[in-house]
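All of the numbers you see were taken from the coordinates with simple rules; none came from a lab. No experiment lies behind these values; they were computed from the predicted model shown. Backbone-built Cβ (ideal geometry, glycine too); neighbour counts: all protein chains shown.
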Amino acid sequence: MGILDKLKAGLRNLTKNEPQFDPTTLKDEVALKTGWGPKKGGGTNVCTHGLIKISPGRMEFKASRMAWIFPGIFMVAGIGVFIGMTLAGLKEDITMLYFGIPFGSVFFLAGFFIFRSWTTPRVFDLNKGYYWKGRKTPEIVNQRGKKDVC
């Protein structure tokens with residue numbers, strides 16, 4: 001089998017939507033009727049979060065190292081472009097400032113907001129009987145209408 005044939009076979013394997021496991025092992029009628037493939041294709045194969053047991057009644061989805069590194073690259077690149085173009089604009093051509101400041105700022109802000117979103121904890125607390133998304137524990141009273149607590 002040549003390299004081209006191996007590449008074609010590999011690409012065919014990537015496009016298959018096979019279930020992750022055999023639902024018949026669960027011996028559950030609902031599991032057999034449930035679709036186990038991804039709802040939407042695409043995405044990434046990089047693990048950005050992990051489920052961590054904090055205590056017997058509490059688990060959290062926390063950001064992995066990749067969730068810190070990926071947006072960090074954007075922020076560092078943005079700061080680098082911002083500083084580099086600013087210094088070049090002050091020394092040589094002032095029009096560099098018109099490009100460097102907005103371009104660097106956009107990269108930095110994109111990285112910052114990705115970082116902020118990915119590092120927001122998702123908490124399952126059986127002791128309080130709540131799931132929430134956020135950095136602060138929600139107040140238990142009057143949670144109706146809140147989109148990040150249930």
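Which length gain, in nm to one decimal place, applies between ASP5 and CYS47 when the Cα-Cα distance is subtracted from 0.36 nm times their residue separation?
In short, 12.1 nm is gained.
Annotation for the stretch 50-150: trypsin sites (Lys or Arg not before Pro) lying in DSSP loop with at most 16 further Cβ atoms inside 10 Å of their Cβ are LYS128, ARG135, LYS136, ARG144, LYS146, LYS147.
Shown here for the stretch 31-106: chymotrypsin sites (Phe, Trp or Tyr not before Pro) in loop regions (DSSP other than H, G, I, E, B) with at most 14 other Cβ atoms within 10 Å, namely TRP36.
With a Förster radius of 35 Å applied to the C-beta separation of LYS27 and LYS133, the computed FRET efficiency comes to 0.55. Model label points for TRP118 and SER55, set 7 angstrom from Cα along the Cα-to-Cβ axis, are 3.0 nm apart. Here the 3J(HN,Hα) profile of the stretch 64-72, calculated from phi with Karplus coefficients 6.51, -1.76 and 1.60 at θ = phi - 60°, is 7, 4, 5, 5, 8, 6, 4, x, x Hz, Gly and Pro shown as x.
Computed from the alpha carbon atoms alone, the convex hull of the stretch 48-150 holds 108 Å³ per residue. Coupling constants for the stretch 132-137 follow from the phi torsions by the Karplus curve (6.51 cos²θ - 1.76 cosθ + 1.60, θ = phi - 60°), and in residue order they are 8, 10, x, 8, 10, 5 Hz; glycine and proline get x.
In this structure the amide hydrogen of HIS49, modeled in the peptide plane, comes within under 5 Å of the amide hydrogens of SER64, none closer than 5 places in sequence on its chain. A Förster distance of 41 Å, applied to the separation of the beta-carbon atoms of LEU126 and VAL76, puts the FRET efficiency at 0.55.
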